[in-house]
Structure formats: structure tokens, C-alpha cells
Amino acid sequence: MTRCNSTKRDCSREERRCRSRGKSEDWLSVGLKVDSDALPDLLKQQLKEGKVDLDDPATTLALLKLNSVVGVKGIFDKKGSLQSMGLQCAFCHSTVDDSLAPGIGKRVRSET
């Protein structure tokens with residue numbers, strides 16, 4: 001198992017950057033990745049057909065609820081409202097193969 005060399009300061013900075021952006025498209029543009037294996041088949045098909053509005057912050061929340069954003073964990077209350085977010089090691093140490101769309105695909109371990 002590889003030990004993470006990121007400092008808490010690095011992770012905190014990345015977490016703030018994630019929180020400041022609501023659109024999935026913005027998240028993908030700064031390098032966040034979506035694990036397609038965590039997505040329902042219907043959503044995968046809609047993504048392939050370009051029928052998912054990545055500009056809608058509700059899409060971002062849905063992806064977080066599906067636990068599909070690689071290395072980002074959303075914490076939701078009983079009503080489904082996002083309460084907090086945290087970063088996991090996969091944020092820096094995993095990527096996706098872009099097989100579904102840019103930034104969306106099967107998770108692969110990165111060499112970092």
C-alpha cells in the first residue's frame with residue numbers, strides 16, 4: 001500500500017476549491033473525476049447521449065449522493081441536504097479512463 005504524501009494543507013485547499021464550485025462541468029474542468037461503475041445504467045446512457053445537464057448543481061449533488069466523484073465524499077443529512085464534504089486518498093491517487101466522457105469512466109489507479 002502506498003502512503004499518501006499530501007499534507008493536510010494541500011487537502012484542505014482542494015476541499016475549499018471543490019466547495020466553491022457547484023456545477024459538475026466546473027468540477028470536471030478542474031480535474032475531478034466520476035467513476036462510471038458507481039452510476040446506474042440509465043444515467044450512463046443519458047450521459048452518452050448528452051442528456052445530462054452538467055451545468056446544473058443538482059447533477060453535482062446527485063453524483064455525490066451516488067458516491068461516484070472519485071475521492072470526494074459528500075455527507076448528507078436525513079433530508080438529503082449536503083452538510084459537508086471530505087477528500088479521500090483517491091482524490092490524488094486515482095483517475096478514470098474517460099471511457100464514457102471526458103472525466104467520466106472506469107476508475108484506474110494513478111501513478112502519483
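In a residue-by-residue description of segment 71-78, the property of being within 15 Å of Leu32 (Cβ to Cβ), at pLDDT 90 or above, loosely packed, with under 13 Cβ neighbours inside 10 Å and not β-branched (Val, Ile, Thr) applies to no position. Checking each residue in segment 65-90 for being more than 13 Å from the chain's Cα centre (by Cα) and among the hydrophobic types (A, V, I, L, M, F, W, C) picks out Ile75, Phe76, Leu82.
Looking across segment 91-112 at every residue that is more than 16 Å from Leu28 (Cα to Cα) and of a type in the set (D, E, K, R), the one that is farthest from the chain's Cα centre (by Cα) is identified as Glu111.
Within segment 33-51, the set of residues being surrounded by 14 or more Cβ atoms within 10 Å (Cβ to Cβ) and under 11 Å from Val70 (Cβ atoms) comprises Lys33, Val34, Asp35, Ser36, Ala38.
The values are calculated or read from the model by the stated rules, or taken from the named source; none is laboratory data. For clarity, every value in this text was computed on a predicted model and none was experimentally measured. Quick reminder, even Gly has a Cβ in these numbers, built from the backbone with ideal geometry, and neighbours come from all protein chains shown.
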